Structure formats: C-alpha cells, structure tokens
Amino acid sequence: QFDSLCDLISFGLAPSLLMFQFVLSSFGRLGWIACFIFLAFGALRLARFNVQSSIGQSNDDFTGLPIPMGALLIASYVGLIGDYEPSGLSFLDNFHFFISSKEFSSVFLLISAPFLAFLMVSNFAFRSHKSLRLKSIKPFKLLATFVVIVGLVASSPFLFGWLFFLIYALSGPVEYVLGWKKAKNDEEIFSEKHDDDHEA
C-alpha cells in the first residue's frame, strides 16, 4: 500500500503539478480540472492494479496504461522543451521548434492529461516486459539492437524518451483497433485467477 501511495505521489501528483505550472495554469479552471482528472484516474489505476495483484491477475499484459508511463511521457516532454541542444539536422531542429511552441505545448498537455487518464482506467491491453520473448532472439542481434537504441537515446535522451513513451501510450488503442489485442471486460479483470489458469 505504501508502494502505491509513493507511486501516486511520484507518477500522479508530481506530473499533474508539473503540467499545471508549466503551461496549464494559463487555462485557469480548465487547466486544474485536467490535472485533477490525471491524478484521480491515476489513483483509480493503482487501486485496480492492487486488486488484480491480490487475485493473481497482474502477471500478463497490463490492463490500462501503467501510471509511470503516463508520468514519464509528461516529464520527458517538459524536459525536452527545456533541455534541447541544436543537433545540426534541420528536420530535427525544426521538429523541436514546432513541438516546443507555446501553441503546441498548451494544446498537447491540455489534451494529454485527460487522454492519458482515460487510457489508465481503460480496459486496453498494454504489453508488459513480462510478455517479451527475448530468448527467441539471437544474442548477437539483441546486442546490436541494444547498442543502436543506446546510441539514439544518448544523442537526445528527452526526444527519444518522449517518442518512446508516446508510441507506447498509443500502442494499446492501436493494437485494439488492428485486432492484435482485445480489451478485457470487467468480469475478466476482476475474476480470481487460480493456478490452473496459469497452466492452461
């Protein structure tokens, strides 16, 4: 329970205050309502996860967007705006100039707060690290892929971090629309999972 409380403070309250202080305060009541929804839905997401853990339903893909991923999406975006160094690549610098504009950041965060909140309490399936099948990948290919990822992230940590978290946040609804993953219903989410279910 203390772990969930810490998660709520770190990944719910902190990004909500960050969004509000960064740009959403200019929207007045609408801004703090958007931040409150993010915080409240984050609390609901953590509560549901605790219930799932208690009945053995937390070993598969995540049901709903994990609250740390939503928080990291917000934090990496704000970090990107304040800590970007020109790369010398015109398309990359122009992209940063566009997403760091006052108009884009205001609209992006005002939409992101309730959208991420909805994804957190949704029944969309999001892939978990537990579902990765790394053993099926050849060690050399895995190492080469890891080196490329590290190189990209090192070149612009906030940019590629933001893009990664954004893609992950969109992956749940996209996979649902494409039919790759089905959304769970409430009966599946809250039905107790027995040992026989794991063996089936």
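The values are calculated or read from the model by the stated rules, or taken from the named source; none is laboratory data. What you see is a predicted model; the values in this text were computed from it and never measured. All Cβ positions, glycine included, derive from the backbone under ideal geometry; neighbour counts span all protein chains shown. Just so you know, the surface numbers come from the protein's heavy atoms only, side chains and all, with ligands and any DNA or RNA stripped out. Shrake-Rupley method; radii C 1.70, N 1.55, O 1.52, S 1.80 Å.
The table below lists the values:
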quantity: Yes/no for Asp61 being within 23 Å of Tyr168 (Cα to Cα) and either in contact with a Cys (Cβ under 6 Å, 6 or more places away or on another chain) or open to solvent by less than 40 Å² (accessible area, probe 1.4 Å) (or both); calculated: yes
quantity: Enumeration of residues in the stretch 163-200 that are open to solvent by 80 Å² or more (accessible area, probe 1.4 Å) and either touching a helix residue (DSSP H, G or I) at 6+ places or on another chain (Cβ under 6 Å) or at pLDDT below 80 (or both); calculated: Asp186, Glu187, Phe190, Glu192, His194, Asp195, Asp196, His198, Glu199, Ala200
quantity: Selection status of Ser25, at pLDDT below 95 and in a loop (DSSP other than H, G, I, E, B); calculated: no
quantity: Flag if Phe160 is open to solvent by less than 60 Å² (accessible area, probe 1.4 Å), hydrophobic (A, V, I, L, M, F, W, C) and at pLDDT 85 or above; calculated: no
quantity: The lone exception for Ser128 - which of (1) modelled with pLDDT of 90 or more; (2) small (Gly, Ala, Ser); (3) in contact with a Phe, Trp or Tyr (Cβ under 6 Å, 6 or more places away or on another chain) it fails; calculated: (1)
quantity: Whichever residue in the stretch 38-83 is among the β-branched types (Val, Ile, Thr) and not in a helix (DSSP H, G or I) and, among such residues, is modelled with the highest pLDDT; calculated: Thr63
quantity: Checklist (1) at pLDDT below 85; (2) surrounded by fewer than 16 Cβ atoms within 10 Å (Cβ to Cβ); (3) part of a helix (DSSP H, G or I) applied to Val147, failing item; calculated: (1)
quantity: Residue within the stretch 40-58 that is among the hydroxyl-bearing types (Ser, Thr, Tyr), buried (at least 20 other Cβ atoms within 10 Å of the Cβ) and farther than 13 Å from Ala113 by Cβ present; calculated: no
quantity: All positions within the stretch 84-109 that are assigned to a helix (DSSP H, G or I), surrounded by 15 or more Cβ atoms within 10 Å (Cβ to Cβ) and more than 16 Å from the chain's Cα centre (by Cα); calculated: Leu92, His96, Ile99, Ser105, Ser106
